[in-house]
Amino acid sequence: FGRIHRIGQTEVCHLWNLVASGTSEGDVYQRLLLKLEQQSEALEGKVFDVLGEMFRGTTLRDLLVEAIRYGEDPEVQQRLFEEVEAPFDRENIERLYQERAIAADTLGPTDIDRIREQLERAQARKLQPHFIRAFFVAAFEGLGGRIVEREAKRYEITRVPAVVRNWTPRGRRSAPILRSYERVTFEKKLVNVPGKPTAEFLCPGHPLLDAVIDIIRDRHSALLKEGAVLVDESDEATEPRALVYLQHEISDARQRDEGRRNVVSRRMVFVELPHGGEPVGAGWAPYLDYRPPTEEERERIPQIVGDEWHADALETTARTYAIEQLVPEHMAEVRERVQAQVDKTMAEVKKRLTREIAYWDRRAEELKARELAGRRPRLNSAMARQRADDLQARLNRRMAELEQERTLSARPPVVMGMALIIPAAMLAEEEPGPAVRASATARKRIERLAIAAVMEAERELGRQPEDVGVPGNPWDVESLDPEPNERLFIEVKGRDTEADTICVTRNEILTAFNKPQHFILAIARIEDDEVTELHYVRQPF
């Protein structure tokens, strides 16, 4: 029993001495319950009051009394340990967790599996270290700083410009920024290298990186609204399209310190607007796959595109599409999660606090009766009554807070920026003819055949594949290997027998770098709508 509740050895010995000195078992039991109550209050209620529900067929009190009476008998000890530990199996714990857990940050076994999947996808898409390194080096040099690579992926910063050193963070404390750094790195495993100086780990949260990000954003955020022209190397289409990026927030009725409503979810969404077509969702960070045009291309683009694109119309169309398609999806996802949690929390808080209020009401009446009888208890009735009143006020306040959490509202999406995407085929020296247009259509059919072949191959290997090939996603198939419980990310490339090149995007390369042991480049050769060869290439870049 002490092992479950973490009662100290001194307290257990003290209880045993009370029994040995003739104190009744009931008084010892009440003293132990008081100790547990004090322990729970010290934790401010951050424990589950479910211990008694774990046992079936015997009471916790009977086990405790038997332990006090016969605890020195090895056979009794063994039997009691078995009876105490038996209820704590996975199924019983899961049942009580689902019924009683109200803390949003408490994890059950099913939650851990779900979070593992999300973590694996997040690791595959992460921007650290490759993209952040490329951004920081370019931005830092643009601000007048000097950075030199000394060892592989380890750099020396010989000069930090004054504009960066004098940066003041917004609303938070920050460590000072130095004039120079002997070594910095963007990869945690390279912080300590034998025989080399220890490096600063530049990641989000480091004052130097945060300063560079904030300065670039303050100076150039307006350029996002003015727009950009980017080139899609992998697109063989003959019409340009617009990319609009919007930020969407969902808030509840709670007020933050600065008077704004509390934001419970914030999401960046990307919408592509084909020329003369319907808007579509662009997936995750599609801009990483595009490049800026060359000087020669900049001169040709106005002649190719013309003046048919208008920013106001693009904003209106993208915002309308986001409100109709993307915002309801975001809202439904957040509402399902928040309201389920709030309903469970309200029920449990009301039940627990009501029980505590009833206890202190009864305790106050008992203490009042003792006082009228001339006794002087250690805890007087006024303190017990005050405790009950405080709990009632806490219940009312908590119910009001939970009602505010339940009240969700979606803010209108805000356009953060846009870009005009030019397919590389439009910039070719020769005008694309019917054969090029036909090949683009055939390529889509070949890609679908290749994905179907990979799905079939994965099933034959005993894995569980899923087609996740949507715009902006840097892989086409996710495949779960149940034996080591690992998730594979497979990018599928289908080519006809005459093709001799494979085109990959920046997002696909970054994914392969982020998950080198779990990324696969699958290459399928197609002839007469049949897969003639299928190759798996691991660590391709």
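The values are calculated or read from the model by the stated rules, or taken from the named source; none is laboratory data. Keep in mind that this is a model prediction, so the values were computed, not measured. Here Cβ is always computed from backbone atoms with ideal geometry, including for glycine, and neighbour counts include all displayed protein chains. Side chains included, ligands, DNA and RNA excluded: accessible areas come from the protein's heavy atoms. Shrake-Rupley method; radii C 1.70, N 1.55, O 1.52, S 1.80 Å.
Set the Förster distance to 30 Å, then compute FRET efficiency between VAL414 and SER234 from the Cβ-Cβ distance, nearest 0.05. After rounding, the FRET efficiency stands at 0.50. The label-point distance for ALA424 and ALA452, in a model that sets each label 7 Å from Cα toward Cβ, rounds to 2.8 nm. About the centre of its Cα atoms, segment 165-243 shows a dipole size close to 840 debye [charges on the beta carbon of Lys, Arg (+1) and Asp, Glu (-1) only; nearest 20 debye].
Here are some pairs, LYS189/LYS515; LYS126/LYS196; LYS126/LYS515; LYS153/LYS189; LYS126/LYS225; which of them have Cα atoms lying more than 20 Å apart in this structure? Listed pairs above 20 Å: LYS126/LYS196; LYS126/LYS225.
For segment 145-201 and segment 260-274, write down the distance between their C-alpha centroids in whole Å. Cα centroid of segment 145-201 versus Cα centroid of segment 260-274: 32 Å apart.
Sorting 513-521, 257-265, 391-399 by their mean Cβ neighbour count within 10 Å, with the most densely packed peptide first, gives 513-521, 391-399, 257-265. Restricting the trypsin sites (Lys or Arg not before Pro) of segment 129-161 to loop positions (DSSP other than H, G, I, E, B) with no more than 16 neighbouring Cβ atoms within 10 Å leaves LYS153. A straight line joining the Cα centroids of segment 354-386 and segment 281-308 runs 77 Å.
Going by a ≥ b ≥ c, the root eigenvalues of the Cα gyration tensor, does segment 121-198 fall in the rounded group (a/c under 1.5), the prolate group (a/b larger than b/c) or the oblate group?
Details: a/c = 1.58, a/b = 1.17, b/c = 1.35.
Oblate, since a/c reaches 1.5 and b/c is not below a/b.
Backbone phi angles across segment 337-353, fed through the Karplus curve with coefficients 6.51, -1.76 and 1.60 (θ = phi - 60°), yield HN-Hα couplings of 6, 5, 5, 4, 5, 5, 4, 5, 5, 4, 5, 6, 4, 5, 5, 6, 5 Hz in residue order; Gly and Pro are listed as x. Applying the Karplus relation 6.51 cos²θ - 1.76 cosθ + 1.60 with θ = phi - 60° to segment 303-317 yields 3J(HN,Hα) values of 6, 7, 7, x, 10, 8, 9, 10, 4, 4, 5, 5, 4, 4, 5 Hz, where x marks Gly and Pro. Applying the criteria of a DSSP loop state and at most 16 other Cβ atoms within 10 Å to the GluC sites (Glu not before Pro) of segment 270-358 yields GLU308. Taking GluC sites (Glu not before Pro) across segment 448-532, the ones in a DSSP loop with at most 13 further Cβ atoms lying within 10 angstrom of their Cβ are GLU498.
Annotation: amide H of ASP496 within the under-5 Å range of ILE526, sequence separation 5 or more or interchain, hydrogens built in the peptide plane. Under 5 Å between amide hydrogens, built in the peptide plane, is the criterion, and for LEU408 it picks out nothing among residues at least 5 positions away or on other chains. For LEU449, the solvent-accessible surface computed with a 1.4 Å probe is close to 50 Å², ligands and nucleic acids excluded.
The slack in the chain from ALA152 to ALA253, taken as 0.36 nm per residue of separation less the alpha-carbon distance, amounts to 31.3 nm.
Charge dipole of segment 257-372 (Cα centre as origin; +1 on each Lys and Arg Cβ, -1 on each Asp and Glu Cβ, all else neutral): 1340 debye, rounded to the nearest 20. Between the amide H of ARG241 and those of ILE421, distances stay under 5 Å, these residues lying 5 or more places away or on another chain, with hydrogens modeled in the peptide plane. Rounded, prolate or oblate: which fits segment 447-541 when a ≥ b ≥ c are the square roots of the eigenvalues of the alpha-carbon gyration tensor, with rounded for a/c under 1.5 and prolate only if a/b beats b/c? Since a/c reaches 1.5 but b/c is at least a/b, the shape of segment 447-541 is classed as oblate. Measuring only protein heavy atoms, the 1.4 Å probe finds ILE502 accessible over about 70 Å².
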